[in-house]
Amino acid sequence: MYYNKLGYLLLITLFINKVFCSYVTIDDKKNGGRYYMFKNDKDYFVCTGLDNRIPGTCIAYPGGSTCSGGAEMITGCVDQNGVDYKNRKFGSILDATDPFRCDGWDKAFGSGNCDPNKTYVKTDQCFTTPVSSNRRAIINVKLDGKYEYDSTKNGYYLTKYGWCKNKEVEKPKQEPQSQSTLNCTSYKCKRCVRKLPSVTWKCKSNGWETTLSSGTLNKYCGHSNCQKAYDDENGKCKKRESYWKSCRDDILSELKGYYKQEFKVVSKTENYC
């Protein structure tokens, strides 16, 4: 009899997880604030308010809780597009789901998100939305490692700590050796300045992609090997390939020295031909 009751209780708990609201709680490490994150259909929300005055029951679990009977209503929300939902309350049946939910039911039936992707993040700030918005707020965190994520937008990853990306990417320094101006008069120099900005450089460890700053472009398009690589008036691609490899390797070396990460060229963006 005891085991039957325990089995029924487990089934009821799993059913509640499937039907009623669930969310991730995020604690701000600096000001003590708390945020609530959930998914509704294809939209993601990070919110600031929780109204728990409505009668009902909640079941807590690590990183969040699941509620039934309208026990909690989440307020003060902003979505991944920066849209403000200040006049809407979430928490009724089926309109709030933890995007990282992985309970016993999910494991048994392959639902939920039991095998999320991971990415490397090093930062002390995440955000409530990945776009510019008057509802965009900073969430103070301390991240340094690989973290699970459920969605990406504008270079940000939706982790259990909000929308995050590497601090070096968020506020890049100026390359100290880059030239701010370039006196470019020759055809080969002008072609380099026109085409090299379209080349994409990808970080091997976390997949982040970038193009070169104007200062770095000026520096390398003033470099003889880069100019020779783009000089299509002086030979076919094969003849200029060695110049491109030299130009490319010099840029990769500077990126590694600056970001302390290995980079590679996204091959489909190579355009010296």
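Read-outs: derived from the displayed coordinates by stated rules, not from any lab. Keep in mind it's a predicted model, so treat the numbers as computed, not measured.
On a full-extension model of 0.36 nm per residue, what is the gain between residue 30 and residue 269, subtracting their alpha-carbon distance, rounded to one decimal in nm?
81.9 nm
Using only the Cα atoms of segment 187-269, build the gyration tensor, take square roots of its eigenvalues as a ≥ b ≥ c, and label the shape rounded, prolate or oblate: rounded if a/c is under 1.5, else prolate if a/b is larger than b/c, else oblate.
It comes out prolate by the Cα gyration axes.
Determine the relative contact order of segment 187-269: mean sequence separation of Cα pairs under 8 Å and six or more apart, normalised by residue count, in whole percent.
Answer for segment 187-269 is 38 percent.
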